[in-house]
Number of protein chains: 2
Amino acid sequence: MRFGRIATPEGMTFAVIDDEGTTAKQIAGTPFTEPEYTGKEWPLEDVRLLAPMLPSKVVAIGRNYADHVAEVFKQSAEHLPPTLFLKPPTSVIGPGAAIKIPEFATKVEFEGELALVVGQPCKNVKAEDWKSVIRGVTIVNDVSSRDLQFADGQWARAKGIDTFCPLGPWIETDLDKFELDNLPIKAHLTHEGTTETKQDSNSNQMIMKFGEIIEFITASMTLLPGDVICTGSPAGTEAMAPGDFIEVEIPGIGKLGNPVERA
Amino acid sequence: MRFGRIATPEGMTFAVIDDEGTTAKQIAGTPFTEPEYTGKEWPLEDVRLLAPMLPSKVVAIGRNYADHVAEVFKQSAEHLPPTLFLKPPTSVIGPGAAIKIPEFATKVEFEGELALVVGQPCKNVKAEDWKSVIRGVTIVNDVSSRDLQFADGQWARAKGIDTFCPLGPWIETDLDKFELDNLPIKAHLTHEGTTETKQDSNSNQMIMKFGEIIEFITASMTLLPGDVICTGSPAGTEAMAPGDFIEVEIPGIGKLGNPVERA
């Protein structure tokens with residue numbers, strides 16, 4: 001089932017989006033429980049999809065695809081193992097909202113990733129139990145100013161600028177509908193009218209798998225409902241310019257597209 | 001004025017704490033507005049002080065005291081300028097609550113710091129206007145596993161473990177009551193019955209001053225009411241062991257003391 005958060009003429013609400021992506025049916029509660037429909041529905045084209053969740057924290061795994069480690073850090077993943085970082089909740093935007101690049105953030109690249117949305121408070125989760133604490137999956141674009149990332153050493157600013165965390169388009173809760181460990185991840189960049197596929201990888205390239213990620217994070221941090229886990233970017237990241245449009249695609253889940261503007 | 005958050009037999013509430021630190025007077029609202037007293041009050045010893053705020057984000061400045069840069073990084077601050085990092089909200093605890101050290105977190109050190117509490121949503125604040133967006137100051141202990149910090153490269157895990165962000169005891173809103181740029185910062189460690197003062201510095205040693213910090217952060221990130229800014233640790237940090245008690249003191253603001261336990 002797909003849960004979205006939408007802006008309608010009557011206000012913001014959670015909704016269930018049908019598999020065809022054409023209709024949004026309002027629910028009374030949240031994506032964390034079985035849906036209770038209010039009876040109201042809208043054609044999806046008449047509403048605006050927002051980030052499907054406002055997380056209390058966004059925890060991300062860096063250097064989780066060997067090919068991406070090689071392209072960004074010029075080293076092998078053996079010498080630079082996966083690492084944790086945080087993106088602030090204020091960086092989250094929804095599908096279609098503009099990624100706004102300030103003047104001082106140079107070499108701003110997209111990073112298309114699969115994201116997990118936490119379903120319940122949890123700590124010390126064993127790898128094999130990871131699905132029991134996850135409500136669903138969605139798509140994230142871990143936008144990163146490569147120049148600030150290396151100048152600062154810490155990644156909080158380079159990856160934490162307002163609008164640098166596009167999230168959506170919705171939360172897919174049927175984890176068994178996909179082969180999660182074998183899911184294509186693509187990013188298509190439109191620059192000066194020409195669209196090229198820049199990232200074209202697969203979750204089977206992940207170094208730390210979903211269960212390991214959840215065990216690793218929850219050994220340290222309590223996760224809360226709605227928290228978002230970014231599971232790492234494959235190779236193919238590239239700088240974006242104002243005027244571009246970047247779309248991350250995970251077949252079966254959906255597409256997350258955002259225009260790029262000067263802040 | 002001092003705003004605290006307290007646990008009473010009747011539940012949690014915000015309160016104004018008198019200057020002697022003996023009485024907590026319940027308020028109807030939050031620390032963000034002028035206090036409206038309900039008429040209820042308690043001797044402070046009959047209630048429990050909690051973290052004075054549950055922030056949506058904790059933004060911290062690393063390497064903001066030259067002497068601390070030298071002791072931890074073995075390099076001069078000229079080569080390692082201040083940098084931003086984030087601590088997750090789940091790491092926040094109040095005065096008296098235990099810092100719990102998991103087995104894998106080794107060389108866990110205290111870092112006594114002055115913290116700013118944001119008073120209103122703000123972006124692109126000029127340095128000279130910083131006081132207009134800050135509700136008050138408090139004390140933070142930026143607990144850090146030095147071994148994880150260097151092993152991971154990114155500091156999110158080393159500084160983001162549950163309980164690794166003691167905060168309090170209250171928010172002092174009278175910013176002009178102190179010479180903020182000339183405030184002693186001390187940390188007293190009690191180990192096996194003996195108390196020694198380990199940090200004994202002054203905010204006049206800060207590299208990036210309060211105004212610069214707020215301008216630097218808000219050039220990238222929107223700050224929200226209740227967000228906490230950790231302004232950096234001076235030298236003197238040292239490892240703690242289960243059984244220890246660590247107290248950070250900023251004269252005029254108060255003392256933030258926490259026992260240390262094995263998780």
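Some values worked out for this structure:
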read-out: Residue within region B:205-213 that is part of a loop (DSSP other than H, G, I, E, B) and either surrounded by fewer than 16 Cβ atoms within 10 Å (Cβ to Cβ) or polar (S, T, N, Q) (or both) present; value: no
read-out: Neighbours by Cβ (under 8 Å, 6+ apart or cross-chain): first from region B:140-156, farther than 25 Å from B:GLU249 by Cα and away from chain A (no Cβ under 12 Å); second surrounded by 19 or more Cβ atoms within 10 Å (Cβ to Cβ) and at pLDDT 95 or above; value: B:ASP147/B:ALA105; B:ASP147/B:ALA158
read-out: Selected residue (only one of A:ASP142, A:ASP67, A:ASP147 is more than 22 Å from A:ASN204 (Cα to Cα) and in the same structural domain as A:LEU223 (by TED's automatic domain parsing)); value: A:ASP147
read-out: Those residues of region A:61-77 which are of a type outside the set (Lys, Arg) and touching a Leu at 6+ places or on another chain (Cβ under 7 Å), in sequence order; value: A:ILE61, A:VAL69, A:PHE73
read-out: Breaking point among (1) in contact with a Phe, Trp or Tyr (Cβ under 8 Å, 6 or more places away or on another chain); (2) not assigned by TED's automatic domain parsing to the domain that holds B:PRO169, for B:ASP46; value: (1)
read-out: Filter result for B:THR163 (within 14 Å of another protein chain (Cβ to nearest Cβ), among the hydroxyl-bearing types (Ser, Thr, Tyr) and in contact (Cβ under 8 Å) with a residue 60 or more places away in the chain); value: yes
read-out: Criterion: touching a residue at least 60 places away in the same chain (Cβ under 8 Å), crowded, with 23+ Cβ neighbours inside 10 Å and either over 23 Å from B:SER201 (Cα atoms) or among the acidic types (Asp, Glu) (or both) - qualifying residue of B:LYS100, B:LYS57, B:LYS126; value: B:LYS57
read-out: Subset of region A:98-107 (residues that are farther than 25 Å from B:LYS87 by Cβ and within 12 Å of chain B (Cβ to nearest Cβ)); value: A:LYS100, A:ILE101, A:GLU103
read-out: Region A:67-97, subset surrounded by fewer than 17 Cβ atoms within 10 Å (Cβ to Cβ) and touching a residue at least 24 places away in the same chain (Cβ under 8 Å), residue nearest to the other protein chains (Cβ to nearest Cβ); value: A:PRO81
read-out: Filtered residue count, region B:26-38, keeping only those that are over 27 Å from B:LYS186 (Cβ atoms) and in contact (Cβ under 8 Å) with a residue 12 or more places away in the chain; value: 8
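The values are calculated or read from the model by the stated rules, or taken from the named source; none is laboratory data. Being a predicted model, the structure only gives us computed values, none of them experimental. FYI the Cβ positions are ideal-geometry reconstructions off the backbone, even for glycines, and counts take in every protein chain you see.
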